[in-house]
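What follows is one structure encoded as structure tokens, with my remarks underneath.
The values are calculated or read from the model by the stated rules, or taken from the named source; none is laboratory data. Worth saying up front: this structure is predicted, and the values here are computed from it rather than measured. When we count neighbours, we look across all protein chains shown, and the Cβ atoms used for this are built from the backbone with ideal geometry, even at glycine. Each accessible area value is taken on the protein alone, full model and side chains, heavy atoms only, with ligands, DNA and RNA left out. Shrake-Rupley method; radii C 1.70, N 1.55, O 1.52, S 1.80 Å.
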Amino acid sequence: MDPFRLREFEAQLDYWLQQGYQIMADEADGEIRLTVIFVARAGELGKEREQVFWPMVPETVDMLARRGVEISRAGV
């Protein structure tokens, strides 16, 4: 995988985790589907949800695992 692209993924993942977003990952058609959810805390507005697809390659799988994000493969 292109190292620059991998660093982009890593920066995005770290940002989400630092902001307290909940991250769910599952395998979808050979890719990793990440569902990123921000649930408002007391005094904050709204709920955000974003869904992105990352390539399922050893580098992204390892990066998620090192940060405690497990990839669900229930549909496989």
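Could you please give the count of residues in the stretch 37-56 that are open to solvent by 60 Å² or more (accessible area, probe 1.4 Å) and closer than 19 Å to Ala74 by Cα?
Residues of the stretch 37-56 that are open to solvent by 60 Å² or more (accessible area, probe 1.4 Å), as a first pass: 39, 41-45, 47-51, 53.
Next, only the ones that are closer than 19 Å to Ala74 by Cα stay: 51, 53.
Going through the stretch 37-56 one residue at a time, the tally reaches 2.
Given Glu48, Glu8, which one is part of a helix (DSSP H, G or I) and not aromatic (Phe, Trp, Tyr)?
Values: Glu48 fails: part of a helix (DSSP H, G or I).
That would be Glu8, the only listed residue that is part of a helix (DSSP H, G or I) and not aromatic (Phe, Trp, Tyr).
Can you pull out every residue in the stretch 1-48 that is small (Gly, Ala, Ser) and out of contact with any Leu (no Cβ under 6 Å at 6 or more places or on another chain)? Can you show your working first?
Of the residues in the stretch 1-48, the ones small (Gly, Ala, Ser) are 11, 20, 25, 28, 30, 40, 42-43, 46.
Ala11, Gly20, Ala28, Gly30, Ala40, Ala42, Gly43, Gly46 - these are the residues of the stretch 1-48 that are small (Gly, Ala, Ser) and out of contact with any Leu (no Cβ under 6 Å at 6 or more places or on another chain).
Could you identify the single residue in Leu6, Leu34 that is surrounded by 12 or more Cβ atoms within 10 Å (Cβ to Cβ) and within 12 Å of the chain's Cα centre (by Cα)? Can you show your working first?
On the way: Leu6 fails: within 12 Å of the chain's Cα centre (by Cα).
Answer to the check: Leu34.
For Tyr15, all conditions in the list (1) within 11 Å of the chain's Cα centre (by Cα); (2) hydroxyl-bearing (Ser, Thr, Tyr); (3) open to solvent by less than 100 Å² (accessible area, probe 1.4 Å) hold save one; what is the number of the exception?
Going through (1) within 11 Å of the chain's Cα centre (by Cα); (2) hydroxyl-bearing (Ser, Thr, Tyr); (3) open to solvent by less than 100 Å² (accessible area, probe 1.4 Å) one by one, Tyr15 breaks only (3).
Output the residue which, of all residues in the stretch 57-70 that are touching a helix residue (DSSP H, G or I) at 6+ places or on another chain (Cβ under 8 Å), outside any helix (DSSP H, G or I) and open to solvent by 20 Å² or more (accessible area, probe 1.4 Å), is nearest to Trp16 (Cα to Cα). Explain how you work it out, then say what you get.
In the first step, residues of the stretch 57-70 are kept if they are touching a helix residue (DSSP H, G or I) at 6+ places or on another chain (Cβ under 8 Å); the result is 59-60, 63-64, 67, 69-70.
When the remaining residues are screened for being outside any helix (DSSP H, G or I), the result is 67, 69-70.
Those left that are additionally open to solvent by 20 Å² or more (accessible area, probe 1.4 Å): 67, 70.
Working: Arg67: 11, Glu70: 15 Å.
The selected residue is Arg67.
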